[in-house]
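Okay, structure first, notes after.
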Amino acid sequence: MTHRTKVEDLREKLRRHEHLYYVLDRPEITDAEYDELLRELRALEETYPEFASPDSPTQRVGGKPREGFVKVLHSAPMLSLDNALNEEELRAFDRRVQDLLGGAPYQYVAELKLDGLSLAVQFHDGAFARAITRGDGMVGEDVTENARTIRSIPLLVKSRPSDWEVRGEVVMNSKGFEKLNTGREDQGLPRFANPRNAAAGSLRVLEPAITATRPLEYFTYLFLVNGAAAFESHWESLEALSAMGFKVNPNRAVCSGLDALLEFCRTWEASRDALPYEIDGVVAKVDSLAQQQALGWTAKAPRWAIAFKYPARQAETVVEAIGVQVGRTGALTPVAHLKPVTVSGVKVSRATLHNEDEIERLGVQIGDTILIERSGDVIPKVVKVLKQGEDRRPFEMPKRCPVCQGDIVREPGEAASRCINTNCPARLKESVLHFAARPVMNIDGMGESLVDQLVDRGLVKSVADIYGLTDEALIALERMGKKSAERITKNIEASKRQPLPRVLNGLGIPFVGERTAVILADTFGSLDEIAAAVMEKLQQAEEVGPKVAHSIRRFFDEPRNRELVERLREAGLTFTHRKKVRHAGPLEGLAFVLTGTLPVWSREEAKETIEAAGGKVTGSVSKKTSYVVAGADAGSKLDKAVALEVPVIDEATLREMLNAKLGE
Ligand code: IVH
């Protein structure tokens with residue numbers, strides 16, 4: 001095989017597997033096998049640059065960061081749809097279609113109305129050429145480089161030469177959305193309000209490498225040649241799109257009348273929560289293209305299609321009271337107690353109000369009628385006040401902790417008021433649960449009901465008491481057999497071997513989570529060094545600013561916490577951190593900076609892997625940095641990398657580098 005045919009052969013294979021994985025959700029090879037093929041292709045393309053091609057599967061994340069987006073005119077306006085908000089309006093639409101078609105038989109194609117953002121993607125000679133957001137319908141933004149990273153958009157479509165265009169919806173599925181938000185919370189970044197905003201934000205970031213890490217999917221629903229539909233029926237065009245390798249939503253049907261259409265709408269409304277992505281209704285389109293043309297368009301929307309909108313998962317209710325919940329760090333979270341109301345099948349009686357600032361923003365008081373919203377399986381949130389109650393009363397943050405009567409303090413510049421009594425039972429329970437959690441000390445079996453009993457019976461007054469628990473003490477508790485008790489004490493014993501970053505995280509120092517704990521352990525090498533470090537010294541650690549340093553200092557200055565530390569030391573927990581001995585490996589001599597949330601590896605895993613391969617991981621970007629590995633929501637480090645022209649890679653590329661170098 002010549003090198004050229006080898007390159008083409010590999011591209012062909014990779015395209016096929018991309019399609020199987022991202023479009024059909026039916027992979028035939030493992031990720032590692034896929035990466036291996038990609039690595040092979042990349043190596044060949046590097047050796048023979050004359051074979052380079054922008055539609056090669058290696059070119060998904062080639063684009064450079066941009067200053068902004070260029071505005072471009074759509075090939076044909078991207079109109080919106082008229083809405084039918086209930087059955088009556090859908091009937092009216094159907095009557096109008098019937099009238100305008102003068103009694104000729106017709107059919108509808110019913111599709112789900114995906115709740116994302118619409119995107120036009122243009123192909124030139126079968127190759128992915130340009131992607132444009134809807135914008136105002138006439139002019140959109142060119143987001144080509146970002147869209148190129150969406151793996152369900154094929155870069156090359158063999159069967160179709162010349163110029164044509166597809167239109168469809170970019171969505172983020174609910175799982176990917178939750179994962180992205182959890183990662184953002186861990187990094188102290190604001191959550192995205194819903195998957196649609198997350199998808200829109202992800203497509204409009206200026207750095208394609210970031211879009212590449214976001215779990216975006218593209219479902220197509222229109223195929224246009226010279227701005228017009230190109231098949232005799234809409235159904236046919238959907239089938240063609242699917243055959244061309246695009247993702248077309250499988251939940252569609254031909255409905256030969258209003259009744260069948262209504263049935264489709266009802267079925268999917270009931271199954272809405274079971275779908276892996278959000279929908280906000282059903283779109284019905286007259287199937288025949290000739291009939292579509294006969295029906296035509298208004299200035300705003302086609303007369304041959306309608307969006308049957310599902311009611312938002314919102315409901316009206318009354319705030320009966322506002323209570324507070326005490327979290328692990330003592331933070332008091334105001335919670336609205338609501339007159340129970342059903343929101344799309346789920347009974348809701350509470351909604352979080354986050355903090356005092358949020359209450360102020362909403363202007364909500366006890367007695368008010370409010371609008372709440374549930375999206376996916378997320379805790380309901382308060383959207384706005386609909387009507388002020390007659391005897392409304394403002395919420396007041398309690399002066400004393402509702403659980404332990406301890407002092408409440410709100411530090412300047414902080415959103416949360418906190419109970420500062422570290423022995424507060426509410427805090428204690430949360431602290432113990434956090435300490436025992438899987439990513440922390442991983443004490444399997446120490447769940448909520450056990451912790452409640454341990455704290456309520458006074459067996460655990462501090463996290464350190466966990467290490468004094470015996471089989472006998474546990475057996476005496478409710479629902480606890482000998483076997484379970486033994487299993488738990490065994491797990492407690494095993495947790496003593498957890499490394500220092502986990503112990504540090506387990507202490508529950510405000511602002512010191514998984515990531516900061518690793519940095520602190522890496523920088524200082526032992527708990528005692530950290531506990532003794534002054535503010536300035538603490539801030540020498542990467543990503544530790546005055547706020548975090550102050551929090552650490554304050555924690556270790558508190559006699560009660562020092563006592564806790566001593567007791568944990570006596571129990572035999574790991575207080576030192578072995579600096580990893582660097583040895584020659586495939587990444588020898590390379591310095592990496594990690595930023596953002598990687599799709600697969602935790603930061604620690606990535607760091608360990610790089611170091612095990614001989615590379616160095618540093619905290620800040622400089623001219624000496626070889627690569628910046630960027631994940632979701634990378635921040636200032638990414639900007640710096642761009643400014644210093646340090647190459648930015650994603651996690652997959654890092655893995656390829658490890659494999660490639662190992663394979664040499
Ligand atoms: S067809 C002229 N089909 O809904 C036809 N739109 O409210 C235009 N949408 O802008 C669109 N799922 O972003 C169509 N299966 C689907 C859709 C869909 C979601 C969005 C699309 C459009 C908006 C109109």
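Looking across the range 477-512, the residues that are open to solvent by 30 Å² or more (accessible area, probe 1.4 Å), part of a loop (DSSP other than H, G, I, E, B) and over 18 Å from residue 453 (Cβ atoms) come down to 496, 497, 498, 499, 510, 511.
Here residue 636 fulfils each of the conditions (1) touching a residue at least 24 places away in the same chain (Cβ under 8 Å); (2) out of contact with any strand residue (DSSP E or B) (no Cβ under 8 Å at 6 or more places or on another chain); (3) polar (S, T, N, Q); (4) open to solvent by 60 Å² or more (accessible area, probe 1.4 Å) apart from (1).
Selection within the range 508-538: residues that are of a type in the set (S, T, N, Q) and more than 17 Å from residue 597 (Cα to Cα). The member of this set that is modelled with the highest pLDDT is 526. Of all residues being open to solvent by 30 Å² or more (accessible area, probe 1.4 Å) and out of contact with any helix residue (DSSP H, G or I) (no Cβ under 8 Å at 6 or more places or on another chain) in the range 108-127, which is nearest to the ligand (Cβ to nearest atom)? Just the residue, please. Among them, the one singled out is 113.
Okay, residues lined up against (1) part of a helix (DSSP H, G or I); (2) more than 16 Å from the ligand (Cβ to nearest atom):
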residue: 306; (1), (2): no, no
residue: 312; (1), (2): no, no
residue: 319; (1), (2): no, yes
residue: 323; (1), (2): no, yes
residue: 334; (1), (2): no, yes
residue: 340; (1), (2): no, yes
residue: 359; (1), (2): yes, yes
residue: 372; (1), (2): no, yes
residue: 382; (1), (2): no, yes
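Scanning the range 132-173 for residues being among the charged types (D, E, K, R) and closer than 24 Å to residue 112 by Cβ gives a total of 5.
Name the residue that is nearest to the ligand (Cβ to nearest atom), counting only residues in the range 289-304 that are surrounded by 14 or more Cβ atoms within 10 Å (Cβ to Cβ) and assigned to a helix (DSSP H, G or I). Applying the filter and picking the extreme gives 292. Only one of the listed residues (258, 238, 224) is of a type outside the set (Lys, Arg), in contact with an Asp or Glu (Cβ under 7 Å, 6 or more places away or on another chain) and within 12 Å of the ligand (Cβ to nearest atom). That residue is 224.
For the subset of the range 585-617 comprising residues that are open to solvent by 20 Å² or more (accessible area, probe 1.4 Å) and hydroxyl-bearing (Ser, Thr, Tyr), which member is farthest from residue 214 (Cα to Cα)? Out of the qualifying residues, it is 609.
Given the condition part of a strand (DSSP E or B), touching a residue at least 60 places away in the same chain (Cβ under 8 Å) and hydroxyl-bearing (Ser, Thr, Tyr), answer yes or no: does some residue in the range 277-288 qualify? Taking every residue of the range 277-288 in turn, at least one turns out to be part of a strand (DSSP E or B), touching a residue at least 60 places away in the same chain (Cβ under 8 Å) and hydroxyl-bearing (Ser, Thr, Tyr). Of the residues making up the range 450-476, those that are over 25 Å from residue 574 (Cα atoms), assigned to a helix (DSSP H, G or I) and open to solvent by 40 Å² or more (accessible area, probe 1.4 Å) are 452, 456, 472, 475. Looking only at residues of the range 618-633 that are within 18 Å of residue 601 (Cβ to Cβ) and aliphatic (A, V, I, L, M), we find that the one that is surrounded by the fewest Cβ atoms within 10 Å (Cβ to Cβ) is 628. Each residue in the range 142-158 was checked for being more than 14 Å from residue 120 (Cβ to Cβ) and part of a helix (DSSP H, G or I), and 1 pass.
Just one of the listed residues (95, 130) is more than 30 Å from residue 266 (Cα to Cα), among the basic types (Lys, Arg), away from the ligand (no atom under 14 Å from the Cβ) and modelled with pLDDT of 95 or more, namely 130.
For the range 425-435, the criterion of a residue being out of contact with any His (no Cβ under 6 Å at 6 or more places or on another chain) and in a loop (DSSP other than H, G, I, E, B) is satisfied by no position. When residue 104 is tested against (1) within 16 Å of the ligand (Cβ to nearest atom); (2) open to solvent by 30 Å² or more (accessible area, probe 1.4 Å); (3) among the hydrophobic types (A, V, I, L, M, F, W, C), only condition (1) is not met. Across the range 639-664, the qualifying residues are those that are assigned to a loop (DSSP other than H, G, I, E, B) and out of contact with any helix residue (DSSP H, G or I) (no Cβ under 9 Å at 6 or more places or on another chain), and the one among them that is most open to solvent (accessible area, probe 1.4 Å) is 664.
Residues of the range 48-101 that are open to solvent by 70 Å² or more (accessible area, probe 1.4 Å), within 30 Å of residue 649 (Cα to Cα) and among the acidic types (Asp, Glu): 50, 67.
Residues that are over 17 Å from residue 226 (Cα atoms) and not charged (D, E, K, R) number at least 3 in the following strands (runs of 3 or more DSSP E) confined to the range 62-139: 108-114.
Apart from one condition, residue 407 fits all of (1) surrounded by fewer than 22 Cβ atoms within 10 Å (Cβ to Cβ); (2) in contact with a Pro (Cβ under 9 Å, 6 or more places away or on another chain); the exception is (2).
Let's see how each residue does on (1) surrounded by fewer than 16 Cβ atoms within 10 Å (Cβ to Cβ); (2) more than 27 Å from residue 382 (Cα to Cα):
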| site | (1), (2) |
| --- | --- |
| 194 | no, no |
| 218 | no, yes |
| 247 | no, yes |
| 254 | yes, yes |
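Every condition in (1) assigned to a helix (DSSP H, G or I); (2) charged (D, E, K, R); (3) closer than 30 Å to residue 514 by Cβ is met by residue 259 except one, and the failing one is (3).
Conditions tested, residue by residue: (1) without any contact (Cβ under 8 Å) to a residue 40 or more places away in the chain; (2) within 17 Å of residue 508 (Cα to Cα); (3) not aliphatic (A, V, I, L, M).
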position	(1), (2), (3)
424	no, yes, yes
427	no, yes, yes
430	no, yes, yes
434	no, yes, yes
445	no, no, yes
450	yes, no, no
458	yes, no, yes
462	no, yes, yes
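When residue 312 is tested against (1) exposed (fewer than 14 other Cβ atoms within 10 Å of the Cβ); (2) within 30 Å of the chain's Cα centre (by Cα); (3) not basic (Lys, Arg), just one condition goes unmet, and that condition is (1).
In this structure, does residue 625 turn out to be part of a loop (DSSP other than H, G, I, E, B), farther than 30 Å from residue 658 by Cα and modelled with pLDDT of 85 or more? No.
The values are calculated or read from the model by the stated rules, or taken from the named source; none is laboratory data. Note that the coordinates shown come from a computational prediction; the quantities given were computed from them, not determined experimentally. Note: ideal-geometry Cβ built from the backbone for every residue, glycine included; neighbour counts use all protein chains shown. In case anyone asks, the SASA skips ligands and DNA or RNA and just uses the protein heavy atoms, side chains included. Shrake-Rupley method; radii C 1.70, N 1.55, O 1.52, S 1.80 Å.
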